[in-house]
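What follows is a single structure, written as structure tokens, with notes after it.
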Amino acid sequence: MPNRTTVETYTVRNRRQNYDSAPNQTEPRRFTSASLKAAPAPRPAKHPAPFGDLSQASIDDLCELARHAWPNQGRSLVEKRTAGIRMLFGHLESLSGQTWQERWEASRFNAENALAVNVLGRPGIGYDGSNMVSALKMAFAARIIQI
């Protein structure tokens, strides 16, 4: 086997180090090859401020939250956002579960290759879909629904 020389960079100068043999595999390694599995984050004991626990809030309360979360929006934007909230959470309300999170998990939108929520909109009316996407973004931001 030919002599291997590698360059390792330290601060401003380079050092050359020769590797004539394979490294000793019996020495303990700094990093293990064990894979880590990501787990969902636990719900905090104290819900994030300023909105608190919204897991069982009514649709009217969520519409009011949208008005307060974006206070300087025009009337048209507020109406579109509340319409999206009513459509999205109206659909989720028909599913089984006590909280919005449980209903979201029971929905067909929680799967890995799920359809987008804008398919709930009325056929031929494009702004329904964008309104529901805005409502879903608000639900994620306010931690009503967590992925």
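Accessible area ranking (1.4 Å probe, heavy atoms, ligands and nucleic acids excluded), largest first, for 138, 87: 87, 138. Charged neighbours of residue 81, selected by a Cβ distance under 15 Å, balance to 0 (K, R count +1; D, E count -1). With r defined as the distance between the Cβ atoms of residue 122 and residue 94 and R0 fixed at 22 Å, what FRET efficiency is calculated, to the nearest 0.05? My answer for the efficiency is 0.85.
Taking all protein chains into account, the per residue accessible area for the stretch 49-134 stands at 60 Å² (1.4 Å probe). If you plug the beta carbon distance of residue 108 and residue 61 into 1/(1 + (r/R0)^6) with R0 = 25 Å, you get a FRET efficiency near 0.50. Packing around the peptides 95-107, 71-83, taken as the average count of other Cβ atoms within 10 Å per residue, puts them in this order, highest first: 95-107, 71-83. Local charge for residue 95 was computed over the other residues whose Cβ lies under 10 Å away, with Lys and Arg +1 and Asp and Glu -1, and equals -1.
The values are calculated or read from the model by the stated rules, or taken from the named source; none is laboratory data. For clarity, every value in this text was computed on a predicted model and none was experimentally measured. Ideal geometry is used to build each Cβ from the backbone, glycine not excepted, and the neighbour counts take in all protein chains shown. What goes into the accessible areas is simple: the full protein's heavy atoms, side chains included, and nothing from ligands, DNA or RNA. Shrake-Rupley method; radii C 1.70, N 1.55, O 1.52, S 1.80 Å.
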